[in-house]
Amino acid sequence: MGRILAIDYGRKRSGVAVTDILRISANGLPTVRSCDLLEFIKDYCGREQVDEIVIGEPRDMRGNPSESMNYITPFVNRLKKEMPGKRIVMVDERFTSAIAHREMLAGGFSRKQRQEKGRADEMAAVLILTSYLDSHH
C-alpha cells in the first residue's frame, strides 16, 4: 500500500502533505513553487510509492467551483497526463486556509511565524489530507 499525497494548489506556491506508509497520519512537506510542482511530484513519486494524489478543490459558499479552478484545472489535466497510473482525486477544500490560520494562532505561532510564506499552505495541505483520510476510514 502506497502513500497518499495532497496538494493545496496556489497561483505562486503550493502546500504539499503526505501520509505515512500506513496512511494513518498526514505530514507536511516543504512548500513548492507552483511552477515547479509537477517536477516535484514526479520526483517524489519516483522515490516513494504513492498510490493517490488528492488536490484541494476550492468552492464558494454555495458549493460551486471558485474562480481559482481556472488555474487549478489546467494543472490537474497536466498531472493526469504525466502520471497516468496515479489515482487523482479532487476534495472540497472550503475553509482550509482559514482553519490553518486559526490553528496556527491556537498553536501559539508567533506573528512572524504565521506570516512566513508557505506555512499556511503546508498546513492547508495537511488539513485537506486529514479530511480525506477521515472520510475514507
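Checking the conditions here, which among Lys81, Lys42 is open to solvent by 80 Å² or more (accessible area, probe 1.4 Å) and charged (D, E, K, R)? Spell out the reasoning first.
Numbers: Lys42 fails: open to solvent by 80 Å² or more (accessible area, probe 1.4 Å).
It is Lys81.
Taking Arg111, is it surrounded by fewer than 12 Cβ atoms within 10 Å (Cβ to Cβ), among the basic types (Lys, Arg) and at pLDDT below 95?
Yes, satisfied.
Pairs only if they're at least six apart or on different chains, beta carbon under 7 angstrom, first in the range 34-53 and within 15 Å of Val76 (Cβ to Cβ), second assigned to a helix (DSSP H, G or I) and basic (Lys, Arg); list them, first residue then second.
Leu38/Arg78
With respect to Ala106, determine if the residue is at pLDDT below 95, under 21 Å from Thr130 (Cα atoms) and open to solvent by less than 60 Å² (accessible area, probe 1.4 Å).
Working: at pLDDT below 95: yes; under 21 Å from Thr130 (Cα atoms): yes; open to solvent by less than 60 Å² (accessible area, probe 1.4 Å): no.
No; evaluated as a whole, the condition is false for this residue.
Of these, Ile53, Ile41, Ile21, Ile4, which one is modelled with pLDDT under 95, within 22 Å of His136 (Cβ to Cβ) and either not in a helix (DSSP H, G or I) or not hydroxyl-bearing (Ser, Thr, Tyr) (or both)?
Working: Ile53 fails: modelled with pLDDT under 95; Ile41 fails: modelled with pLDDT under 95; Ile4 fails: modelled with pLDDT under 95.
When all the criteria are applied, what remains is Ile21.
Quick check: anything in the range 25-37 assigned to a helix (DSSP H, G or I) and surrounded by 15 or more Cβ atoms within 10 Å (Cβ to Cβ)? Spell out the reasoning first.
Initially, the range 25-37 is screened for residues assigned to a helix (DSSP H, G or I), giving 34-37.
With the extra rule that they be surrounded by 15 or more Cβ atoms within 10 Å (Cβ to Cβ), the set shrinks to 34, 37.
Within the range 25-37, one or more residues are assigned to a helix (DSSP H, G or I) and surrounded by 15 or more Cβ atoms within 10 Å (Cβ to Cβ).
The values are calculated or read from the model by the stated rules, or taken from the named source; none is laboratory data. Bear in mind that the values here come from a model prediction, so they are computed numbers and not experimental data. Positions of Cβ are backbone-derived with ideal geometry, glycine not excepted, and every protein chain shown enters the neighbour counts. Please note that ligands, DNA and RNA were not included when accessible areas were found on the heavy atoms of the full protein model with its side chains. Shrake-Rupley method; radii C 1.70, N 1.55, O 1.52, S 1.80 Å.
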